[in-house]
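Enquirer: Have a look at this one.
Nothing in this text is a laboratory measurement; each read-out follows from the coordinates by a stated rule. None of the values given here were measured: they were computed from a predicted structure. Glycine also receives a Cβ, built like all others from the backbone with ideal geometry; neighbour counts cover every protein chain displayed.
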Amino acid sequence: MDHVSWFADVGLHDRPHVGGKGGSLGELQRAGIAVPPGFVVRTAAFERFLETIEAEWPVRERIASLSADDLSAISECCAAVRGRLEGAPLPRELEEQIELAHAQLCGAQRMPVAVRSSATTEDAIDASFAGLQDTYLWVRDPGQTLQRVRACWASLYSVESVSYRRRRDLPEHGVAMAVVVQVMVDARTAGVMFTRSPTTGDRSVITVEGAWGLGSAVVGGEVTPDRWVLGKITGEITAREISDKAIHHVPAAGGGIEARPLEAALRRAPCLSDEELQTLRAIARRVERHYGCPQDIEWAIDRGSGEVLLLQSRPETVWSAKESSPVASAAQNPLTHVMSIFGGPK
């Protein structure tokens with residue numbers, strides 16, 4: 001199947017064809033690190049789909065002609081482009097390949113999947129598009145999956161994404177979208193971790209942030225996560241902040257997710273045990289060694305098995321951009337490593 005690849009068959013070197021997220025998930029799986037199984041709809045599928053649109057309506061030419069300062073024109077053009085992409089039928093060979101891969105992934109159980117944008121220009125150290133394209137959780141059937149793949153392609157032309165590209169004067173011909181489809185994790189707890197302090201740049205610590213339920217509540221800023229700071233080598237937990245977590249994200253009956261009030265007994269309870277924190281620390285160290293640079297990692301703990309699964313790992317960008325500055329010194333107060341405003345991966 002020339003338009004679909006399994007995680008086991010791709011890695012970071014395939015980013016031009018599977019995007020940042022797809023390449024990272026393949027790289028992690030090939031390195032022996034647990035990720036939910038899945039496949040990538042390659043950029044070739046996006047290019048094939050876009051060809052059918054551009055035969056009548058030149059999308060890239062219209063986007064490239066926009067002024068970065070003309071938000072009104074960008075908004076109008078993006079609405080038109082997204083409408084065309086979301087409404088156009090898929091070429092039959094693309095539809096068949098995605099349906100076949102979906103059937104192989106989900107089997108007779110019809111397991112729900114996550115459908116996640118994976119742009120070729122995201123998750124790079126010099127230009128991170130993280131959060132500018134769409135992700136859909138708890139997608140329950142093949143028809144819905146096809147629709148969400150098309151919606152992910154269309155999200156490449158969101159106002160935020162196009163504005164970002166125009167401000168940076170990035171050529172449109174180099175921009176493409178792959179889409180990750182992977183088995184949904186029914187997360188008991190989820191969150192992010194950073195292999196250097198997000199506030200001071202100190203590489204001797206790991207900061208872990210998490211909350212009950214799906215990680216979308218943390219990433220979307222709907223809940224203040226619990227936070228810990230651990231010594232990267234020693235494992236000593238030098239800071240704990242347990243928040244009042246009023247809600248959690250859970251699967252909705254008809255697909256997708258919904259926010260529900262968290263039961264009183266869990267609101268002020270830590271969402272991770274010390275043993276789980278040490279497991280996360282070990283995984284974070286392993287991932288950082290594999291990539292050779294500080295990482296921003298998204299993780300989840302499966303409700304049934306208790307297994308820690310990684311949903312994404314990408315280079316840390318803020319402090320890496322300052323590498324020419326003196327290396328950050330160890331902080332006397334461990335709480336300085338805890339972010340006051342959260343902004344994690346998607």
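Enquirer: Beyond 26 Å, what share of the Cα-Cα pairs of the stretch 4-183 remains, rounded to the nearest whole percent?
Expert: Result: 27 percent of Cα pairs exceed 26 Å.
Enquirer: What is the extension gain from Ser72 to Glu93, computed as 0.36 nm multiplied by their sequence separation minus the C-alpha to C-alpha distance, in nm to one decimal?
Expert: Working: separation 21, 0.36 × 21 = 7.56 nm, distance 3.70 nm.
Gain on extension, Ser72 to Glu93, equals 3.9 nm.
Enquirer: Neighbour counts of other C-beta atoms within 10 Å: give me Thr52, Thr317 arranged from fewest to most. Display every interim value, and only then the final one.
Expert: Values: Thr52 13, Thr317 16.
Placing the least packed residue first, the sequence is Thr52, Thr317.
Enquirer: While we're on this one: Fewest Cβ neighbours within 10 Å first, please rank Ser117, Ser65, Ser204, Ser163 accordingly. Could you put the intermediate results ahead of the total?
Expert: Numbers: Ser117 32, Ser65 12, Ser204 15, Ser163 19.
Ascending number of Cβ neighbours within 10 Å: Ser65, Ser204, Ser163, Ser117.
Enquirer: Arrange Arg281, Arg140, Arg260 by Cβ neighbour counts within 10 Å, fewest through most, would you?
Expert: The fewest-first ordering by Cβ neighbours comes to Arg260, Arg140, Arg281.
Enquirer: Which value in deg cm²/dmol, rounded to the nearest 500, describes the helix-derived mean residue ellipticity at 222 nm for the chain, given -39,500 (n - 2.57) per DSSP H run of n ≥ 4 and division by the residue count?
Expert: Mean residue ellipticity at 222 nm (helix-derived): -10000 deg cm²/dmol.
Enquirer: Arg84 to Leu170: FRET efficiency via 1/(1 + (r/R0)^6), r the Cβ-Cβ distance, R0 30 Å, to the nearest 0.05?
Expert: 0.90
Enquirer: Percent of Cα-Cα pairs per 10 Å bin, from 0 to the last occupied bin, for the chain, please list those.
Expert: 5, 25, 32, 25, 11, 2, 0
Enquirer: Once the cut-off is 18 Å, how many percent of the Cα-Cα pairs in the stretch 187-337 end up in the long-distance tail?
Expert: 57
Enquirer: I'd like the orientation of helix 274-291 relative to the chain: the angle between its Cα long axis and the longest Cα principal axis, in ° from 0 to 90, rounded to 10.
Expert: With both axes taken from Cα atoms, the answer is about 50 degrees.
Enquirer: Nearest 10 degrees, 0 to 90: what angle lies between the long axis of helix 43-54 and the longest principal axis of the chain (Cα atoms)?
Expert: The angle comes out at about 40 degrees.
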